[in-house]
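The structure appears below as structure tokens.
Nothing in this text is a laboratory measurement; each read-out follows from the coordinates by a stated rule. Here the structure is a predicted model, which is why all the values come from computation and not from measurement. Neighbour counts are summed over all protein chains in view; Cβ atoms, including those assigned to glycine, are modelled from backbone coordinates with ideal geometry.
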Amino acid sequence: MQEERLLLRSGHGRVVCAMALPLIATQVDVDEIVDRIARAVGRFEERLPACMST
């Protein structure tokens, strides 16, 4: 999702998330990364047709 600076794609029953992580991450960095992924997945789910989200 562009808003979270992530590449999030689906196909063949899978969702793949790609991002460039820092080489050294603090706990705050990790918390931000996890939050960004969660927001991106949530936005992605909102775009799925209802028949696919079950």
Within-12-Å neighbourhood charge of residue 22 [Cβ basis; K, R +1; D, E -1]: -2
By average C-beta atoms within 10 angstrom, highest first, the peptides 35-43, 17-25: 35-43, 17-25
Simple label model, 7 Å out from Cα along Cβ direction - residue 23 to residue 39, nm: 2.7 nm
